[in-house]
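**Q** Have a look at this one.
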Amino acid sequence: MKADRMLEMERYILQKGAATMEELRDRFDISMNTVRRDVAQLLKRGMVEKVYGGVCARKNEQTIPPYEVRRRGSEEAKAAIGKCAASLVHDGDIIFIDSGTTTLHMIDHLADKRDLTIITNNLEAINRALPHANITIFALPGQVRRKTRSFTGDDAVNYLRRFNIRIAFMASTGLSPHGVTNSSPLEYEIKRCAVASAEQRVLLIAHAKFGVTGLMTFAQLKDFNMLITDMTPSAEDQAWVKRSGTQLIVADHG
């Protein structure tokens, strides 16, 4: 459907930072006329802008894809990653679940865990966990940011420091040799605090985000015990992941 294609196209442009018209044509297997019409509609939404030969993400620090764009993108990949991540959780665990749409997919696979405690700033994860009586939820305080459906602010960071976290399950805008990055300055300190506070750290990231660099680097790959993705990375990417000492896990889509 056109609406779904345009959401995916917007997500693709915002994630990569820029794309040529020819690239969009080939990526979405549509005619150049259709590309032009779709891009014209995307320009009206205000998240992308026209440049010579293509389009790019609008240049400001708040350029983050709308939540619905991110939630509906790569659903199969995110579901596989979330299920794999949930298998690492044990009864009685205390875990942190980061904001984002990939970490959200863990929740439905935690229903059989006993005495599980989740600490999170992810509003959608809180809502999804509410029906499960076995899960104790600690929600970080702060202002709700609608674009990311998350709680942010200094109060959230100070509250998070109180907890002894066994595993932090972290999301990211991008992963490259520059580090593990995110696009929201408002969530930067929360992510850094979660990584610093946890006994173990697991990065959940779809293969499309390899080689992508976001606005701010909140950690290095070597800071993570495991990296879970949905497809086997290229030989080059596997090489620098191996050098980091982080265990690479490719989620089963079955």
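The values are calculated or read from the model by the stated rules, or taken from the named source; none is laboratory data. What you are looking at is a predicted structure, and each value in this text was computed from that prediction instead of being measured. For neighbour counting, all protein chains shown are included, and Cβ atoms are generated from backbone atoms with ideal geometry for every residue, glycine included. The protein model used for the area step is the full one, side chains on, heavy atoms only, and it has no ligands, DNA or RNA in it. Shrake-Rupley method; radii C 1.70, N 1.55, O 1.52, S 1.80 Å.
**Q** Percent of Cα-Cα pairs more than 25 Å apart in segment 100-239, please.
**A** 25 percent
**Q** While we're here: Return the subset of K16/K222; K78/K222; K50/K222; K50/K242 for which the Cα-Cα distance in this structure is over 32 Å, preserving the input order.
**A** From the list (K16/K222; K78/K222; K50/K222; K50/K242), the Cα-Cα distance tops 32 Å for K50/K222; K50/K242.
**Q** Additional query: With each run of n ≥ 4 DSSP H residues scored as -39500 (n - 2.57), what mean residue ellipticity at 222 nm is computed for the chain after dividing by its residue count and rounding to the nearest 500 deg cm²/dmol?
**A** -10500 deg cm²/dmol
**Q** State, to one decimal in nm, how far the label point of H253 lies from the label point of A235, with both points 7 Å from Cα in the Cβ direction.
**A** According to this spin-label approximation, the distance is 2.3 nm.
**Q** Quick one: length gained pulling T34 to H90 fully straight, 0.36 nm per residue minus the C-alpha distance?
**A** Taking T34 through H90 to full extension adds about 15.2 nm, to one decimal.
**Q** Consider just the alpha-carbon atoms of segment 211-254 and return their Rg together with their Dmax, both in angstrom.
**A** Looking at segment 211-254, its Cα Rg and Dmax stand at 11.2, 34 Å.
**Q** Using Cα pairs under 8 angstrom and six or more residues apart, how large is the relative contact order of segment 96-225, in percent?
**A** Normalised by residue count, the contact order of segment 96-225 is 23 percent.
**Q** Within the P(r) computed for the chain, what percentage of the Cα pairs occupies the region above 26 Å?
**A** Percentage above 26 Å: 40.
**Q** Quick check of the Kirkwood formula: for segment 121-194, what is the inverse mean of 1/r over all pairs of different Cα atoms, in Å?
**A** With all distinct Cα pairs of segment 121-194 included, I get 13.4 Å.
**Q** Relative to the longest principal axis of the C-alpha atoms of the chain, give the angle of the C-alpha long axis of helix 2-16, reported between 0 and 90° and rounded to the nearest 10°.
**A** For helix 2-16, the angle is close to 70 degrees.
**Q** Per residue, how much accessible area does the chain have with a 1.4 Å probe, in Å²?
**A** 47 Å²
**Q** Quickly rank 197-210, 143-156 as a protection proxy: mean count of other C-beta atoms within 10 Å, highest first.
**A** So the peptides 197-210, 143-156, ranked by packing, come out 197-210, 143-156.
**Q** Here's something else I'd like to know. Run the numbers on segment 112-159 and let me know its relative contact order in percent, using alpha-carbon pairs under 8 Å that are six or more apart.
**A** 36 percent
**Q** Can you give me the solvent accessible area of L160 with a 1.4 Å probe, rounded to the nearest 10 Å²?
**A** Answer for L160: close to 0 Å² accessible.
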